[in-house]
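The values are calculated or read from the model by the stated rules, or taken from the named source; none is laboratory data. The structure presented is a predicted model; accordingly, all values stated were derived computationally and were not measured. Every residue, glycine among them, receives a Cβ derived from its backbone with ideal geometry; neighbour counts consider all protein chains shown. Areas reflect the complete protein model, heavy atoms only, side chains present, ligands, DNA and RNA absent. Shrake-Rupley method; radii C 1.70, N 1.55, O 1.52, S 1.80 Å.
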Amino acid sequence: MNFTENDVAYGVMPHFHSNSVYLAYIPAIMCAGGFAFRRKFSASGFLPDIKKFGVTTFNYVGKPLAYILAATEGMVDHDNRLRIAIGNGASAVEQDTFRERFGLDWVMEVFGSTEGGATVIRMPGDPEGSVGVMAPELELFREEDGEKADTAQV
């Protein structure tokens, strides 16, 4: 995510959640950046918060992008420092709409970040609507017969 001391992470998840630990406040601490949060997530308070605190990145799990989009329907606001949203559970449409509405460089959708050792990250240029492309060193096997799957057809 290329965090620097100029970044401010915004935590919308409970701070005991691994997503918040690994994608929000640990990166902020490691690079001597900032960390902002509120006691309870607020979709309508999101945009005022990111402007007030100069937020550059935030993490999510589940529906925060959808809630924020609903609370800011019809609004386009690129007058902020937000550059990356990272998490999982947002649809491809929500990711693209969020990125366009708030002028982000990237919505980094992560699949499998806490479920196992094979995380897939949707990168710019990956197939539309996908959860990302598997790393070449990973192998995928079919559950029904244990045979190696052709990842081009998955």
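May I ask you to list the GluC sites (Glu not before Pro) in segment 1-103 that are in a DSSP loop and have at most 11 other Cβ atoms within 10 Å of their Cβ?
E5, E73
If you put +1 on each Lys and Arg Cβ and -1 on each Asp and Glu Cβ, how big is the dipole of the chain around its Cα centre, in Debye rounded to 20?
1000
Grab the beta carbon distance between R38 and D105, set R0 = 25 Å, and tell me the FRET efficiency rounded to 0.05.
Working from the Cβ atoms, E equals 0.55.
With all protein chains present, calculate the accessible area of S91 using a 1.4 Å probe and round the result to the nearest 10 Å².
Its accessible surface works out to 50 Å², give or take rounding.
Over the chain, calculate the relative contact order: mean separation of alpha carbon pairs under 8 Å at least 6 apart, over the residue count, as a percent.
It comes to 17 percent, rounded to a whole number.
What fraction of the DSSP beta bridges in the chain is antiparallel, stated in percent and rounded to the nearest 5?
15
For segment 13-99, give the magnitude of the charge dipole about the Cα centre (Cβ charges: +1 Lys/Arg, -1 Asp/Glu; no others), in debye to the nearest 20.
The calculation lands at about 320 debye.
With a sphere of radius 15 Å drawn around the Cβ of M108, what net charge do the other residues whose Cβ falls strictly inside it have (Lys, Arg +1; Asp, Glu -1)?
-3
Using a 1.4 angstrom probe on the protein heavy atoms only, could you order R38, R81 from most to least accessible area?
Of R38, R81, the descending order of accessible area is R81, R38.
Equivalent ellipsoid semi-axes for segment 31-86, as square roots of 5 times the alpha carbon gyration tensor eigenvalues: give them largest first, rounded to whole Å.
Working from the Cα gyration tensor, I get semi-axes of 18, 14, 11 Å.
Tell me the label-point distance for the pair M75, K148, using the 7 Å Cα-to-Cβ offset, in nm and rounded to one decimal.
5.1
Against the 2.2 N^0.38 Å scaling, with N counting residues, where does the chain land? I'd like the Cα-based Rg ratio to two decimal places.
Ratio of Cα Rg to 2.2 N^0.38 Å: 1.11.
Which of the listed residues, F53, V107, M1, is farthest toward the dipole's positive end in the chain, when Lys, Arg count +1 and Asp, Glu count -1 at the beta-carbon?
Positive-end residue among those listed: F53.
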